[in-house]
Structure formats: structure tokens, C-alpha cells
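The values are calculated or read from the model by the stated rules, or taken from the named source; none is laboratory data. Bear in mind that the values here come from a model prediction, so they are computed numbers and not experimental data. FYI the Cβ positions are ideal-geometry reconstructions off the backbone, even for glycines, and counts take in every protein chain you see. Only protein heavy atoms, including side chains, enter the accessible area calculation; ligands, DNA and RNA are left aside. Shrake-Rupley method; radii C 1.70, N 1.55, O 1.52, S 1.80 Å.
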Amino acid sequence: MAEQAERPTSKRRAALTRESILEAALRLCSPEGGGQLTFSRLGKELGADPTAVYRHFRDKDDLVLALTELTVAEGVELARAALPDGPSDDWRAWLTVTAESIRASYLARPVVAILAAARTTASPAETRSVELLISVLHRAGLPVIEAAECYRQLVDLTLAMTQYTAAFSSLDPATQAKDEAAWAVKYGMLPEAEFPLLHRSAPRLTELFRDDGEVFRMILGTFLDGVALRIDRARDGSAGAGRSA
């Protein structure tokens, strides 16, 4: 009897920590977690009163910024894992891997991409990645300011495309199917005499509708082609200045 009295009558909840809240929030932000982030759902996921979250985060925006910081840090680590030797003379490969790693990290939790892709955390991971990207472009031959401009364009392009994909993935299946039918059926059935170019390209446009990843790679490649031209122009200018001197 005494032994029975020593046993707890109910399971004691583990104390909430900032880390455990973030882990639960990341689960909710993933496709498997239902793709919705509210303090009510977070409380259920944690087995706690939702108001307990406020002891660690001032509000939802504070939580979103913390999730953004984690997502950026993960993207940086993915890039490092893909290129363990760090930046090389192949600036294009480095920027491609970095952009794809950032995209993959955000798309693993689409809710974060929708809520936070346009935010700035100024976290250590983010600031180090900014410095690194600018340095890669600068070493490739761009003046510092032009390298910073290209960094900004690269990140905005990546996050905008990622946000677009995440937003579509959050739509219900019926709405997604309606959009796909617009390409596959409506565009595909346009009269050839009136829309000859659309008629010929409709199958390819339908393929691309289903594959945001390929569209992103195409856009990224076109952007990097432009950066390559700017690097060549900067190098030519530097060589010309050297000869003049």
C-alpha cells in the first residue's frame, strides 16, 4: 500500500523551454504537421496551456522570427554539407548550392516560408551568410557594392520563388487541381489558328506548372548568367585600368 501511495496519480508535464516550443512549432509548420501555426495548436502539440508560450515569446511575431533564424541556420548548414571545403573559385556553384539549400530549408516547413521569407533576423547565421555571399561575388571580380547588390537580388529571387511554392502547397487539393486543369485543359485546347505559339508550348507549360523546382533552377540559371556578364565586364574594366596605369 505504501508503495502505491508513492506513485504519482497523474503524469507530470515536462517544463516548457524555448527549445521545446520551437521544435513543436517546426513540426506544426511542416506538411506533416498540418501546415498551420497558432498558439492554440501549439499548446495542444506541447500538451500545455497556450498562454504558457508567452513566457518564452512575446507574441507570434517573436516566435516567427525565432523560427526564421533556425531555418536560415539550417540552410547555411545544408550548403556547408554540400560544399564542405567552403567557397572555391567556382562562384557559380557556390551560389547555386546556397540558393537551393535556403529553398530546401524553407520548403521543409512551408508555413515559415509564407510568414517569414520576407523578414530579416540579423541573427549570427544570417549575417555570416550575407558576408560570405558578398565575399564570394567580390572575389569573383565584382566591386564590393555591386557584389552586395547581386547578393540582394539572389536572396530576393530565391525567397520569392520559395514563398510562391509554399503558398501554392498550402492550397487545398481541389484548388490546386483547378489551376493545373487551367494549364492542361484550357490552355491546351486553345485554337491553334488563333494562338499558334500557346498551342505549341502548352504541353511544356503544363510540365513546368507541376515542377516549381525546375522553374526555380531555370530562373536561377538565367540570373547567374547575368551575374557572369557583370563579372566579365568588371574584370575587363580592371584590366583596362591596369593597362592605362
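Got a number for carbon plus sulfur as a percent of the range 102-159's accessible area, 1.4 Å probe?
Whole-percent figure for carbon plus sulfur exposure: 63.
Once both axes come from the Cα atoms, what is the angle between helix 18-29 and the longest principal axis of the chain, in degrees from 0 to 90, rounded to 10?
The two axes meet at around 60 degrees.
If I stretch the segment between residue 51 and residue 214 completely, what's the gain in nm (0.36 nm per residue apart, minus their alpha carbon distance), one decimal?
So the extension gain works out to 54.4 nm.
With a 1.4 Å probe and every protein chain left in place, tell me how much accessible area residue 38 has, in Å² to the nearest 10.
60
Which value, in debye to the nearest 20, describes the size of the charge dipole of the chain about its Cα centre when Lys and Arg Cβ atoms bear +1, Asp and Glu Cβ atoms bear -1, and nothing else is charged?
400
Using helices alone, what [θ] at 222 nm do you get for the chain, with -39,500 (n - 2.57) per DSSP H run of 4 or more residues, divided over all residues and rounded to the nearest 500?
The per-residue figure over the chain is -23000 deg cm²/dmol.
Report, in degrees rounded to the nearest 10, the 0 to 90 angle that the Cα long axis of helix 212-244 makes with the longest principal axis of the chain.
The helix 212-244 is inclined about 50 degrees to the chain.
Accessible area per residue of the chain at 1.4 Å probe, in Å²?
Value for the chain: 60 Å² per residue.
Provide 134, 145 ordered by accessible surface of protein heavy atoms (probe 1.4 Å), highest first.
145, 134
Express in nm, to one decimal, how much length is gained between residue 167 and residue 235 on full extension, taking 0.36 nm for each residue of separation and deducting their alpha carbon distance.
Gain on extension, residue 167 to residue 235, equals 20.4 nm.
Which length gain, in nm to one decimal place, applies between residue 58 and residue 122 when the Cα-Cα distance is subtracted from 0.36 nm times their residue separation?
Length difference between fully extended and current span is 21.2 nm.
With θ set to phi - 60° and the Karplus curve 6.51 cos²θ - 1.76 cosθ + 1.60, what are the ³J(HN,Hα) couplings of the range 171-181 in order, to the nearest whole Hz, using x for Gly and Pro?
6, 5, x, 5, 5, 4, 5, 5, 5, 5, 5
With unit charges on the beta carbons (Lys and Arg positive, Asp and Glu negative) and the dipole taken about the Cα centre of the range 35-138, which residue among 132, 37, 104 sits farthest to the positive side?
After comparing all options, I get 37.
May I ask for the angle, rounded to the nearest 10°, between helix 60-82 and the longest principal axis of the chain, with both axes built from Cα atoms and the value confined to 0 to 90°?
Relative to the chain, helix 60-82 is tipped by roughly 60 degrees.
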